[in-house]
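Structure first, commentary second.
The values are calculated or read from the model by the stated rules, or taken from the named source; none is laboratory data. Being a predicted model, the structure only gives us computed values, none of them experimental. A quick note on method: Cβ atoms are made from the backbone with ideal geometry, for glycine too, and the neighbour counts reach across all protein chains shown. What goes into the accessible areas is simple: the full protein's heavy atoms, side chains included, and nothing from ligands, DNA or RNA. Shrake-Rupley method; radii C 1.70, N 1.55, O 1.52, S 1.80 Å.
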Amino acid sequence: TIALRSGASLRATRPVLVLLAVVLVFASTSLELARHVVAWTDDPTARAGAVSIWWGLFAIALLAWGFLARSPAVRWSGLGLLGVATGKALIYDLADVDPAWRVASFLALGLLLLGVGAGYLRRVGRDRDEPPPSAGRAPSA
């Protein structure tokens, strides 16, 4: 406990603890959602689709958090999770779906990815134009 009381040790362990908390929230909510969807319907496609949608929403939340915190690692995690969710939806979730629904899903996912990409590029460009939050302030003693 003495090591955790020092400021340097606490600053070093904070990112690890935050990462573990985010992974725990992601995993537990994904499993809980899958459990609840099974209670609502017997369709395995609905359960897989609901989990993919949740992963996409979680990824967008990570992107927003990464921009607010100005953390490229969090933004890249969000983009990676969005890629995994999209891949899962395209390869696994839509494997047994009617072709008309598959086409509609491909179009919707494509539009979503274009929107996320355009928003990401616009926001990254705006962040490059703005000075960091500490710029322009006198260093504190």
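Compute the signed sum of charges (Lys and Arg +1, Asp and Glu -1) over the other residues within less than 12 Å, Cβ to Cβ, of Leu63.
+2
How far, in nm, would the chain grow between Trp76 and Trp40 when pulled straight, counting 0.36 nm per residue and subtracting the alpha carbon separation?
9.6 nm
Taking a 1.4 Å probe, which of Trp65, Trp40, Trp54 shows the most accessible area, and what order do the others take after it?
Trp40, Trp65, Trp54
Sticking with the crude label model, points 7 Å out along Cα→Cβ, report the distance from Leu112 to Asp98 in nm, one decimal please.
Taking the two extended label points, one gets 2.0 nm.
Using a 1.4 angstrom probe and counting only protein chains, how large is the accessible area of Leu10 in Å², to 10?
Result for Leu10: roughly 100 Å² accessible.
Starting from the Cα-Cα distance between Arg123 and Ile53, subtract it from 0.36 nm times their residue separation and give me the gain in nm to one decimal.
Difference between extended and current length: 22.9 nm.
How far apart, in nm, are two points set 7 Å out from the Cα along the Cα-to-Cβ line at Ser105 and at Ala12?
For Ser105 paired with Ala12, the spin-label model returns 4.7 nm.
Among Val97, Ser77, Leu31, whose Cα projects farthest towards the positive end of the dipole of the range 21-133, with charges put on the beta-carbon of Lys, Arg (+1) and Asp, Glu (-1)?
Highest projection toward the positive end goes to Ser77.
Roll a 1.4 Å probe over the protein chains and send me the accessible area per residue for the range 42-109 in Å².
58 Å²
Quick check on the range 1-119: take the gyration tensor over C-alpha atoms, sort the square-rooted eigenvalues as a ≥ b ≥ c, and tell me if it's rounded (a/c under 1.5), prolate or oblate.
oblate
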